[in-house]
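Following: one structure in structure tokens, then a few remarks.
The values are calculated or read from the model by the stated rules, or taken from the named source; none is laboratory data. The structure displayed is predicted, hence computed values, not measured ones. A quick note on method: Cβ atoms are made from the backbone with ideal geometry, for glycine too, and the neighbour counts reach across all protein chains shown.
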Amino acid sequence: MSTAAPLPDLRTEYPPHAPGADPKEPSTLLGLLPGIALLAVVGYAGKFVEHFINTYGKAHHLVLPNIEYVLWAILFGVLIANTIGLPRIFRAGVATYEFWLKAGIILLGARFILGDILKLGGISLILVFIAFAFSLTFMTWLGRIFHLGPQLTTLLAVGSSVCGVSAIIATQGAIDADEEDSSTAIAAILALGAISLFTFPLIGHLLHMSDHAYGLWAGLAVDNTAEATAAGALYSDAAGKFAVLAKTCRNALIGFVVLGYAIQWARKGLASRTATSQLDNKATFLWKKFPKFVLGFLFISLLATLGSSPNPTLAALGFNKAQLLTLGNLSRWAFLLTFAGVGLRTNLKDLFKQGARPFIVGAVGEVAIAAITLLLVLGADHFYHL
Amino acid sequence: MSIQRSRLSTDTWAIVLSLALALIVRIGLLKTVAW
């Protein structure tokens, strides 16, 4: 299936390789430090500008818009990456932003007790299933209308309904899609993710959504975990927290979706022998695809829950309030590095190289999915008071 | 395959770092982190 010119590898979610760098190039801890330092500088610059604007507004009795550090960090990153470019020495370290994202999510477990996770996670899962069924059907139909190949259509559908780049890469092997289809789908999903960073908070404010409802919506509708976290945090700290929870629920389903596609393609006789042989042990297949960091998130949350137990023995096993606050702040610092990385890895030229048709299919699909999930979340908010 | 391996590795390292930090906070070596 050939719809566009060959693309550079955009899978920067996966350390150690960075934009334009050779994925096989080994990284040492020392080699990562310059890039990590750059993430810290760019992220902190965002936090500094937010603080400066707020302080300046208060000192001069001015009503200035409260723009979260998230947006500044991403903008500074985009500006650096697309003007002076990212020197080679920083690339490996910048690519660790996915690592900081996962560490941030695990530590965020300290800000949830298991009861919250069960309640909101349960609602999220139900909404994920409904949105997922809609998006797969709709994207497949759109792909046919625009004459995209079945592999590219499948990758776009999975990327927009489950969890962005991770889902595309996981599905690529299962359906034997080629690198070009995979790169095209990834580019479309990343471009749309970048657009959603600016549109979602605006819509949320226009509709006066609560932090809970907005966070749930961002987590359900924005594809990539980093962008979903950023879109949530752009609205408010609390919304960021709920966006991560909803997105984590989506991520946890990745194995089932990939397994479903692998079985379907094997039945049709379209999968290679290697892809089909992976299906011999379905439990192993699911475990391999399961995002393990979710277990870390649940474990920290369990310790947070124990800490608030009325039983002194159980409470002694968990974290106290001061410790939870410290862990929550560590999570915020990890996310700060992530948001800087989101900006620094965004190459505007590459994002729009993938050709018009996959982008249009992705964009139309995303708008429809965002609208459907918005209605679902507003409905759930009305009935369950999120 | 190499991609899957590195994904697993990122998850594992993220868990290791987070649990190490949680342990350091739990035993009181790190009391407060400002935000």
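General remarks:
Matching residues to (1) modelled with pLDDT of 85 or more; (2) under 21 Å from the mean Cα position of the chain (by Cα); (3) β-branched (Val, Ile, Thr):
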position	(1), (2), (3)
A:323	yes, no, no
A:326	yes, no, yes
A:334	yes, yes, no
A:357	no, no, no
A:374	yes, yes, no
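- Any hit, the stretch A:138-149, residues being modelled with pLDDT of 80 or more, closer than 18 Å to residue A:251 by Cβ and not aromatic (Phe, Trp, Tyr): no
- Only one of A:81, A:103 that is at pLDDT 90 or above and away from every other protein chain (no Cβ under 14 Å): A:81
- Among helices (runs of 4 or more DSSP H) entirely within the stretch A:232-346, having at least 3 residues that are within 23 Å of residue A:220 (Cβ to Cβ) singles out A:237-252, A:254-267, A:293-307, A:321-344.
- Residue within the stretch A:118-138 that is in contact with a Ser or Thr (Cβ under 8 Å, 6 or more places away or on another chain) and of a type in the set (Val, Ile, Thr) present: no
- Only one entry of A:231, A:194, A:252, A:226 meets the criterion of being in contact with a helix residue (DSSP H, G or I) (Cβ under 8 Å, 6 or more places away or on another chain), surrounded by 23 or more Cβ atoms within 10 Å (Cβ to Cβ) and touching a residue at least 40 places away in the same chain (Cβ under 8 Å), and that entry is A:226.
- For the stretch A:84-100, the candidate set comprises residues that are among the hydrophobic types (A, V, I, L, M, F, W, C) and in a helix (DSSP H, G or I); within that set, the residue that is nearest to the other protein chains (Cβ to nearest Cβ) is A:99.
- Criterion (surrounded by fewer than 21 Cβ atoms within 10 Å (Cβ to Cβ), closer than 30 Å to residue A:145 by Cβ and not aromatic (Phe, Trp, Tyr)) met by exactly one of A:322, A:356, A:316: A:356
- Residue A:197, sole failed condition from (1) at pLDDT 85 or above; (2) closer than 25 Å to residue A:126 by Cβ; (3) touching a Leu at 6+ places or on another chain (Cβ under 9 Å): (2)
- Selection count where residues are crowded, with 19+ Cβ neighbours inside 10 Å and in a helix (DSSP H, G or I), scope the stretch A:197-223: 15
- Of all residues in the stretch B:1-30 being at the interface with chain A (Cβ under 7 Å from one of its Cβ atoms) and farther than 21 Å from residue A:101 by Cβ, the one that is modelled with the lowest pLDDT: B:30
- Identity of the residue in the stretch A:212-257, in contact with a Lys or Arg (Cβ under 6 Å, 6 or more places away or on another chain) and aliphatic (A, V, I, L, M), that ends up nearest to residue A:162 (Cα to Cα): A:254
- Within the stretch A:280-318, the set of residues being aliphatic (A, V, I, L, M) and within 29 Å of residue A:99 (Cα to Cα) comprises A:283, A:286, A:294, A:295, A:298, A:300, A:302, A:303, A:304, A:306, A:317.
- Residue A:110 passes every criterion in (1) buried (at least 24 other Cβ atoms within 10 Å of the Cβ); (2) over 16 Å from the mean Cα position of the chain (by Cα); (3) away from chain B (no Cβ under 14 Å) apart from (3).
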